[in-house]
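> Here it is, the structure in full.
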Amino acid sequence: MGAHVRLLRDVRKIERRQHRVLLNPHECIAEQHIAPLSRRAHLHFTPEPVVLFVRQNQISAARSCRNHVSHAGVVDSIKDQRYRVLLAVFQFEARKHFETATRINPNLFDAYYYYGRAAFAAGDIEKSIELWHRGAGVRPDDCECPFFEAQALRKLGRHEAARPVNRECIQRAERLLELNPQNARVLSLIAGALIYDHQQERAHEWVTRAEQLFPDDMAVVINSALIHTHLGLKQEALDRLERMFGKGWGKKGWIAHDPDYDSLRGEPRFKAMMERLR
């Protein structure tokens, strides 16, 4: 992309933002609280722990942590302790920003979605259910909040409560795929909802289509691995996970709480992968 094209793009971004500030200043103020967090929404799958440290006063500590990360993304035990302390600081600050954002603008979808993911990864499952439920209400065309809400409900053993939420997730996904049949994110993720709706063949069809569209996409491949797990194809699932986790993708905190990985936890290959993740 040429410099003039980038400049024009940036100018247009500024113009759109100025226009939005005039129309809805409270929404823009709220977004300021989650911008540095949502840009790292993939902290769920980030390959480099140092990107989590978004506050200016943590830069030196983050750089120190970066210096001790190997090419494989493995932190030695001493530096891993430092990383965990800094991560705890980040999570505390993230919670404050998320709460502020939702207080300023109760209809800010991104705050509920990303805060829900952060809460789930930290083991606060009840909080994640509340947040994703609110996110689903704010954006009726979103299928991910109901998907994760149903997942969290199953995690707590509330299977009856999860069923209607899971069904709502599928209905929303079907509407999205009518608009864009090549939406690989919807195909690969919501295939998991089809599994719990006893539509195994359809789930396999969706995830196969997603992999054909984007065979090297991290989320698509990992979601496909989980579908293969549910279909009893553990070795195929482990092959996919090793390929993605070997590149540094995968968030240990999330995986530890995700029930879709439960059938793999006793597998030696999976245990070895988890040992290497941070």
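No value in this document is a laboratory result; all are computed from the given coordinates. Worth saying up front: this structure is predicted, and the values here are computed from it rather than measured. Reconstructed Cβ throughout: ideal geometry from the backbone, glycine too, with neighbour counts over all protein chains shown.
> Given the pairs LYS155/LYS234; LYS96/LYS271; LYS155/LYS271; LYS127/LYS247; LYS96/LYS251; LYS155/LYS247, which span a C-alpha to C-alpha distance of over 24 angstrom in this model? If you can, show how the numbers build up before the last one.
Numbers: LYS155/LYS234 21 Å; LYS96/LYS271 34 Å; LYS155/LYS271 20 Å; LYS127/LYS247 31 Å; LYS96/LYS251 22 Å; LYS155/LYS247 28 Å.
Table pairs above 24 Å Cα-Cα are LYS96/LYS271; LYS127/LYS247; LYS155/LYS247.
> If you don't mind, another one. First measure r as the distance between the Cβ atoms of THR208 and ARG175, then evaluate 1/(1 + (r/R0)^6) with R0 = 30 Å and state the FRET efficiency to the nearest 0.05.
The pair THR208/ARG175 has a calculated efficiency of 0.90.
> Within the set of other residues whose C-beta is less than 10 Å from the C-beta of ARG269, count the net charge using Lys and Arg as +1 and Asp and Glu as -1. Working shown, then result.
On the way: positive: LYS234, LYS271; negative: ASP239, GLU242, GLU267.
Once all neighbours under 10 Å are counted, the net charge is -1.
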